[in-house]
Amino acid sequence: MATLSLPDMPQFPMPPMTATPSSGIRLTKEHFLIAVPVAVIAAAGGFLVSHYLSRRSCKKVKVNTSISKDSPKVVHSFDMEDIGTKAVYCRCWKSKKFPYCDGAHAKHNEETGDNVGPLIIKKKDA
């Protein structure tokens with residue numbers, strides 16, 4: 001049986017092996033003293049920005065801030081005969097005369113960019 005042999009390959013000197021593999025980057029104590037505060041500030045900044053942006057986009061704010069807060073649900077009922085010719089009801093929850101509109105929605109719309117207005121009920125002209 002014939003055996004195959006490979007030609008002699010040139011031998012290159014190998015660097016000494018260390019106990020831990022190294023990527024060639026050495027981090028010193030000074031590097032950590034700079035990197036840790038920078039990382040903490042970046043993480044805190046990222047958290048604050050994400051918290052601010054999520055608060056702006058997530059509108060889970062209560063609409064009613066002061067009217068009948070002790071009641072589980074605010075409901076007002078009126079008979080049509082009692083209204084007269086016209087009644088204007090608040091839909092922004094900001095009116096001091098709630099459930100009637102006092103125009104408080106104008107300030108609310110200006111502050112928030114909203115476009116809420118009153119509910120107007122009137123008798124049909126004959």
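Please treat every number below as a calculation from the coordinates, not as lab data. Quick caveat, the model's predicted, so the values are computed rather than measured. Note: ideal-geometry Cβ built from the backbone for every residue, glycine included; neighbour counts use all protein chains shown.
Before moving on, here are some points about what is shown:
- For the range 65-126: rounded, prolate or oblate by the Cα gyration tensor [a/c cutoff 1.5]: oblate
- Between Val38 and His51, the simple spin-label model (points 7 angstrom out along Cα→Cβ) gives 2.5 nm.
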